[in-house]
Amino acid sequence: MVFFTLVLGAVFFRASYWQVIRGESLSIEADQQHFFSLDIPATRGEIKTIDGFPLVANKQSYVIYANLHEIGGNPKEVAQKITDILVGDDPSLATDSAELAMLGNDMEKKLSLPNATWVRLASGIIETTKEKLLQLNISGLGFYQQSIRDYPESSMAAQLLGFVSEGKTGVEGNFGLEGYYEEELKGRS
């Protein structure tokens, strides 16, 4: 009977500890695991002519990032492999060997940051470049999709259309139609 009472008392004490003493903090932890807020950004609206020809459209591209705790290999070698593919697909990134070396050094510095967990390496990457980078099988290298503005007629109507730039709240229209119709074009997240 004494043993049964001690076991029952221990169970009662432990249950009251979890429910009364730690109850509030455990409830908060449970809410954080079950409920979260996720902001899904709106796609910026397109500008078309009356017959449906796009003057300003959205083009899908990718952002390359690295999870520094999972990245495999020497940062210099990894940076060199990534830089070679990026420059091979977009020669405007580095027009001579000095710019190529600078791009590689910048990438190596990002991959060697001591207190960082996640680092953005490059943006505006097209699908074929993403596929080439995936073939490298570098652990810790990831991608997420982003939308960038595409002006099919290049700068033909630049003064009329305006342009977008990175602002305080994301991409913002500047001047021309991009600026005038900013509220309509930006959409709601």
Describe numerically, in nm with one decimal, the distance between label points set 7 Å from Cα along Cα→Cβ at GLU182 and at ASN74. 4.9 nm
Residue exposure sequence - ILE28, ILE148 - by fewest surrounding Cβ within 10 Å: ILE28, ILE148
Proximal aspartates and glutamates to LYS59, defined as alpha-carbon separation beneath 15 angstrom and excluding residues fewer than eight positions away on the same chain: GLU46, GLU127, ASP150, GLU153
Using a Förster distance of 45 Å, the FRET efficiency for LEU134-TYR17 (Cβ separation, nearest 0.05): 0.35
Scoring the chain by relative contact order with C-alpha pairs under 8 Å, at least six apart, yields a percentage of 28 percent
What order do you get for 165-175, 117-127 when each peptide is scored by the mean count of other beta carbon atoms within 10 Å, highest first? 117-127, 165-175
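What FRET efficiency comes out for the pair MET1/PHE35, r = Cβ-Cβ distance, R0 = 30 Å, nearest 0.05? Please report the intermediate quantities before stating the final value.
Values: r = 46 Å, r/R0 = 1.55.
Calculated value: 0.05.
Where a number appears in this text, it was derived from the coordinates with a stated rule and is not lab data. Since this is a predicted model, take the numbers as computed values, not measurements. So basically every Cβ, Gly included, is an ideal-geometry build from the backbone, and we count neighbours across all protein chains shown.
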